[in-house]
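Visitor: I am attaching a structure below and will ask some questions about it afterwards.
The values are calculated or read from the model by the stated rules, or taken from the named source; none is laboratory data. What you are looking at is a predicted structure, and each value in this text was computed from that prediction instead of being measured. Don't worry about glycine lacking a Cβ; one is built from the backbone with ideal geometry, like all the others, and counts go over all protein chains shown. Calculation scope for accessible area: heavy atoms of the full protein, side chains included, ligands and nucleic acids excluded. Shrake-Rupley method; radii C 1.70, N 1.55, O 1.52, S 1.80 Å.
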Amino acid sequence: MQPNEKKNESKLTGYPSIDKPWFQYYSSKEISAQIPESSMYDYMSACNFDRLDAFALNYFGKRITHKQLHEKIDICAKALIELGAAKGDIISICMLTIPEAVYCLYAANKIGATCNFIVLNATETTIHEQIADTKSKIVITVDMVLDKIISASMDTDIKQIISVSLQESMPFILKALLKLRHKGTNTDNEKVMLWKEFLLKGNKDIVINRVSQSDIPAVIEYTSGTSGVAKGVLLSNQAGNALASNYINTGNLLNFEKGETFLDILPPFYAYGVYVGIHMPLCVGVELILVPDPSPQKFAKWIKKYKPNHFTGGASHIDYMTRNSKIKKMNLSFLKTIAYGGDTVNKDWETQINNFLFSRGAKYKLLNGYGMTETAGSFCTQTHKTDFMVPFAKNNIKIIDIDTKKELMYGQEGEICLSGPSLMLEYYQNPIETAETVWIEDDGVRWLHTGDLGYVTEEGHFIISGRIKRIYWTIGNDGIIYRVYPMQIEEVICTHDNVNKCVVVGKEQESGGYLSVAYIILNDETLLGQTINDLKSVCCEKLPESSWPAIYRSVSEFPMTSFGKVDYRKLEEIEKNVETNKGI
C-alpha cells in the first residue's frame with residue numbers, strides 16, 4: 001500500500017503520537033493483534049507445536065529439528081536446576097552465535113531465570129563487575145575466553161563455570177578436523193565444567209517447574225557505551241514476544257514464510273542477537289542458520305555457502321558482500337530480506353546496493369531498520385511495500401523539542417522518543433539513569449528518550465536526521481555558540497560523486513568549542529585535491545558557516561565496532577591524538 005492510499009478516518013491533530021499516521025499501512029487485524037502473555041520459551045514453543053519435525057537450527061550443515069531443540073532445552077534446564085539455578089536467579093552467559101547459546105537462553109527462560117549476556121571482548125574488569133553486580137552463581141562461556149572468565153569470576157558468587165567450544169555442535173568430520181588444530185582449554189580449575197559434563201547433569205529425572213510470566217525479566221543486555229560506561233538493560237519476556245509478534249502480525253509489509261532460512265551472525269550479547277537473531281526467526285517459523293563469526297569480511301562466504309532467504313547485519317556486512325567477486329557472479333533471487341540497521345546511510349549508497357541486488361536477480365530491495373538495546377532491537381522498519389521506515393503497529397513515536405521537551409508536530413525535527421511493549425524494564429540497578437531515560441505520562445504510558453534526532457511526516461514516514469549525543473558546539477566568528485549536527489554535514493558531503501562515505505567528528509579546542517573534522521573515503525584518490533575544493537564550495541553553499549568542516553582527512557576505511565557499525569568514539573580518540581589541526 002502506498003502513502004495516501006488509505007487515510008486515517010479520524011481528524012489529524014498534527015501530532016504523530018496521537019494521529020499514528022503509520023496505521024494506514026496496517027490492517028485493522030494487525031493493529032488489534034494481542035501480544036502473548038507468556039514466557040519467551042512458551043511463545044516460541046506454541047508457534048511451532050505442529051512443526052516439531054521441521055528444522056529449527058542449522059550449524060555448519062548439522063540441522064536440528066524443533067523436537068530435538070526442545071529436548072536439548074529440557075536437558076539444559078534440568079542441568080541448571082541440578083546446579084542450583086531457580087526462578088529469579090541471574091545466569092551469566094558469554095557466547096557467540098552457536099546452538100548452545102540458544103539452548104541456554106530458552107532453558108534459563110523456562111525455569112524463570114534471567115540471562116546476563118556478557119560481551120565477548122569486554123575487559124576482565126568489566127566482566128568482573130557485571131558478574132558481581134548480578135550476583136550470578138553460574139557462568140556459561142565459550143572456551144576461547146575461559147581464562148579471562150576464570151580471572152573475572154574471582155571474588156564473586158560464581159560457583160560453577162561451564163565451558164563450551166565452538167566445535168561442540170558441528171558435524172562429526174568438521175568437529176574432528178578442528179579438534180586437531182585446537183589446543184584445548186585449561187580445566188584444572190575446580191569450578192570449571194565442560195559442556196558434556198554439564199549435559200550429564202540434565203539426564204537425571206528432574207521435574208521442571210515451568211515459569212510462564214510475560215512481565216518478569218528475561219535478559220540483561222549491555223549498551224554499546226558510546227556515550228560513556230555501558231549500562232545493563234533489563235528486558236522482559238514481553239519485550240521479546242512483542243518484537244516477534246510484530247513480525248508475525250505484519251504479513252502485508254514483511255514476507256516471512258515457514259520453512260525459509262534466516263542467517264544469524266548477530267552475537268547474543270547484543271539485544272538484536274537475542275531478539276531479532278534468535279527469538280523472532282524461531283517464532284516466525286524459519287530455519288535459523290547460526291554462524292559464530294560476525295566479521296563483515298567473512299559475510300560473503302556465508303551468503304554463498306547457505307543462500308539464506310533472510311538476513312540482517314550492519315551496512316559494512318552488505319558492503320563486503322557486494323564487493324565479493326564470487327557474489328558478483330551469483331544469482332541472488334533467493335534473497336528476500338536484506339536488512340541493516342544502526343547507521344544512517346545516504347540514499348545514493350542504498351540505490352547503489354539495490355541496483356546491485358536487482359542486477360543479480362534479487363526481487364526485494366534493501367531494508368533499513370531502527371531500534372535500540374532499550375527496545376529489544378527493531379522498533380521501526382522499512383518494508384517491501386514502503387520506501388521509508390514506519391513503526392511496528394504496536395509501537396508509538398513522539399518527537400519533542402530538545403530544550404523545552406514539548407511535543408512537536410509533523411515535519412518538525414526534535415528528539416525521538418519511543419513507547420511500546422518492547423521497552424526495557426529498567427537499567428539494571430541504575431535508578432538514576434533509568435529516571436533520566438524513561439518517563440511516565442499521566443495516563444501511565446512509558447516513554448524512552450533515545451538521544452536521536454528525527455521527525456515524522458504527515459504520511460507516517462519516520463526520518464532519522466542525527467544523534468543528540470553526536471551533537472557538539474562551536475563558537476562562531478560572531479562569538480555566538482552554535483550547535484553542530486554531524487549527520488547534516490555528512491549528508492551534504494556525500495552528495496559529491498567522488499565521495500563514497502563520510503564521517504564527521506568534533507575536535508575539542510583549548511579555547512572552547514569544537515572544530516568539525518570530516519573523514520572521507522573517496523572513489524578515486526587521484527581526484528583528492530579537486531574533490532576537497534568542491535566540498536568546501538558545496539558546504540559553503542548548503543551549510544551555515546558554523547557547520548563548515550575545518551579539516552578534511554582522506555582515509556581508506558573507518559574504525560568499526562564488532563557489530564559492523566562505525567566506531568565514532570574510536571574515531572574521536574584518533575582525532576584527539578592528532579597533534580595539529582592541519583588537514584587537507
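Visitor: Placing +1 at every Lys and Arg Cβ and -1 at every Asp and Glu Cβ, with all other atoms neutral, what dipole size does region 17-70 have around its Cα centre, in debye to the nearest 20?
Guide: Around 300 debye, computed over region 17-70.
Visitor: Ignoring ligands, DNA and RNA, what accessible area per residue does the chain give at 1.4 Å, in Å²?
Guide: Using a 1.4 Å probe on heavy atoms only, each residue of the chain averages 43 Å².
Visitor: Would you please put 418-428, 18-28 in order of how densely packed they are, using the mean number of other Cβ atoms within 10 angstrom per residue and starting with the highest?
Guide: My ranking of the peptides, most packed first, is 418-428, 18-28.
Visitor: Give me the one-decimal nm value for the distance between modelled label points at Glu458 and Glu557, 7 Å along each residue's Cα-to-Cβ direction.
Guide: Inter-label distance under the simple model: 4.7 nm.
Visitor: In what sequence, highest mean first, do 432-445, 461-474, 263-276, 384-397 appear when ranked by Cβ atoms within 10 angstrom?
Guide: The densest-packed peptide leads the list: 263-276, 384-397, 461-474, 432-445.
Visitor: So for the chain, taking the charge dipole from beta-carbon charges (+1 Lys/Arg, -1 Asp/Glu), which of Ile35, Phe392, Gly285 sits furthest toward the positive end?
Guide: Of the candidates, Gly285 comes out farthest on the positive side.
Visitor: Hey, another quick one. With every protein chain left in place, what is the accessible area of Leu254 in Å² (1.4 Å probe, nearest 10)?
Guide: 10 Å²
Visitor: Pulled fully out, how much extra length does the chain show between Ile208 and Ala132, if you take 0.36 nm times their separation in residues and subtract their Cα-Cα distance?
Guide: Between Ile208 and Ala132, full extension yields an extra 24.6 nm.
Visitor: Once both labels are modelled 7 Å past Cα along the beta-carbon direction, what's the Ile18-Lys328 spacing in nm?
Guide: Between Ile18 and Lys328, the label points sit 5.5 nm apart.
Visitor: Highest first, please rank the peptides 41-52, 139-150 by the mean number of other Cβ atoms sitting within 10 Å of their residues.
Guide: Taking the mean over residues of other Cβ atoms within 10 Å, the ranking is 139-150, 41-52.
Visitor: Starting from 0.36 nm per residue, how many nanometres of slack lie between Asp348 and Ile432 once their C-alpha separation is accounted for?
Guide: 26.1 nm
Visitor: Tell me which GluC sites (Glu not before Pro) from region 9-86 have a DSSP coil assignment and no more than 11 other beta carbons within 10 Å of their own.
Guide: Glu9
Visitor: So what is the calculated 222 nm ellipticity per residue for the chain, using -39500 (n - 2.57) for each DSSP H run with n of 4 or more, over all residues, to the nearest 500 deg cm²/dmol?
Guide: Helix-only estimate at 222 nm: -8500 deg cm²/dmol.
Visitor: Modelled label-to-label distance, Asn355 and Val445, 7 Å Cα→beta-carbon offset: nm?
Guide: With each label point 7 Å from Cα toward Cβ, the separation is 4.2 nm.
Visitor: On to the next question. If each residue of separation counts as 0.36 nm, what is the full-extension length gain between Ser465 and Asp401 once their alpha-carbon separation is subtracted?
Guide: 21.6 nm
Visitor: Within the chain, what whole-number % of the accessible surface is contributed by carbon and sulfur, with the 1.4 Å probe and all protein chains included in the calculation?
Guide: 50 percent
Visitor: Out of the trypsin sites (Lys or Arg not before Pro) in region 238-339, which ones are loop residues according to DSSP with at most 13 other C-beta atoms within 10 Å?
Guide: Passing sites in region 238-339 are Lys258, Lys326.
Visitor: Using the crude model of +1 on Lys and Arg Cβ and -1 on Asp and Glu Cβ, and no other charge, please compute the dipole size for region 66-225 relative to its Cα centre, in debye to 20.
Guide: 560 debye
Visitor: Another question, if that's okay. Rounded if a/c is under 1.5, else prolate if a/b is larger than b/c, else oblate: which is region 208-333, with a ≥ b ≥ c the root eigenvalues of its Cα gyration tensor?
Guide: Oblate, because a/c is 1.5 or more while a/b does not exceed b/c.
Visitor: Which Cα, out of Ile91, Asn58, Cys115, lies furthest along the positive dipole direction of region 26-117 (beta carbon charges, K/R +1, D/E -1)?
Guide: Toward the positive end, the furthest listed residue is Asn58.
Visitor: Take the Cα of Leu52, step 7 Å along the line toward its Cβ, and report every residue of region 64-86 whose backbone nitrogen sits under 20 Å from that point.
Guide: Backbone N within reach: 64-78.
Visitor: Residue farthest toward the positive end of the dipole of the chain, with Cβ of Lys/Arg at +1 and Asp/Glu at -1: which of Trp349, Ile574, Thr134?
Guide: Looking along the dipole axis, the top candidate is Trp349.
Visitor: Averaging sequence separations of C-alpha pairs under 8 Å and six or more residues apart, then dividing by the length of the chain, give the relative contact order as a whole percent.
Guide: Value for the chain: 12 percent.
Visitor: May I pose another question? Over 22 Å between C-alpha atoms is what I'm after, so list which of Lys196/Lys298; Lys62/Lys305; Lys110/Lys137; Lys231/Lys301 land there.
Guide: With Cα atoms farther than 22 Å apart: Lys196/Lys298; Lys231/Lys301.
Visitor: Taking the Cα centre as origin and putting +1 on Lys and Arg beta-carbons and -1 on Asp and Glu beta-carbons, what dipole magnitude results for region 117-174, to the nearest 20 debye?
Guide: 160 debye
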